[in-house]
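The values are calculated or read from the model by the stated rules, or taken from the named source; none is laboratory data. From a predicted model like this one, the values you see are computed outputs, not experimental measurements. Neighbour counts run over all protein chains shown; Cβ positions are idealised from the backbone, glycine included. For accessibility, only protein heavy atoms count, side chains too; no ligands or nucleic acids. Shrake-Rupley method; radii C 1.70, N 1.55, O 1.52, S 1.80 Å.
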Amino acid sequence: QVQLVESGGGLVQPGGSLRLSCAASSGFTFSGYVMRWYRQAPGKERELVATITSGGSSTNYAASVKGRFTISRDNAKNAVYLQMNSLKPEDTAVYYCYANRGFQTYWGQGTQVTVSS
């Protein structure tokens with residue numbers, strides 16, 4: 001069974017940084033999957049934050065995070081990362097890792113990020 005496990009969330013002051021990690025279970029052809037980070041704030045719909053292609057050559061970002069967040073992956077470690085800089089209170093949300101290949105999709109359980117002074 002495929003599992004995606006996020007880590008790295010926490011409480012940070014505005015302007016600070018966090019690095020989220022998402023580790024995929026073994027036996028999962030991680031390098032064949034497009035990986036995404038989503039987030040969901042209280043009372044709001046889940047939104048797409050960042051996407052990285054299977055080989056890592058192309059990335060895309062939501063306008064709200066472009067220039068502040070960076071998605072990357074290490075296919076040898078079955079892991080995807082989200083480096084978040086210049087964090088703002090509006091970045092507060094549960095962040096989810098997502099894997100997709102064709103009709104196959106998997107979600108992580110989420111990690112809480114809170115940006116507050």
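Accessible surface of residue 22, taken over heavy atoms with a 1.4 Å probe and every protein chain present, rounds to 0 Å². Only Cα pairs under 8 Å and 6+ residues apart enter the sum, and on that basis the relative contact order of the chain stands at 36 percent. Using label points projected 7 Å from each Cα along Cα→Cβ, tell me how many nm separate residue 3 and residue 60, to one decimal. Going by the 7 Å Cα→Cβ label model, 3.1 nm. For residue 88, which lysines qualify as cross-link partners when the Cα separation must be under 23 Å and same-chain residues fewer than eight apart are set aside? Within the straight-line cut-off, residue 88 pairs with 44, 66.
Shape summary: region 48-117 maps onto an equivalent ellipsoid whose semi-axes, from the alpha-carbon gyration tensor, are 22, 14, 11 Å in decreasing order.
If each residue of separation counts as 0.36 nm, what is the full-extension length gain between residue 103 and residue 31 once their alpha-carbon separation is subtracted?
24.3 nm
Once backbone amide H atoms are built at 1.01 Å from N, residue 69 has 85 as its partners under 5 Å, excluding neighbours fewer than 5 places away on the same chain. Of the trypsin sites (Lys or Arg not before Pro) found in region 1-51, those that fall in a DSSP loop while having at most 11 other beta-carbon atoms within 10 Å are 44.
If you average 1/r over all unlike Cα pairs in the chain and invert the result, what Kirkwood radius do you get in angstrom?
Every distinct Cα pair counted, the radius reaches 14.1 Å.
Given the options 82, 48, 20, which has the most mean-square fluctuation in a GNM of the chain, springs set between C-alpha atoms less than 10 angstrom apart? Its mean-square fluctuation being the largest, the pick is 48.
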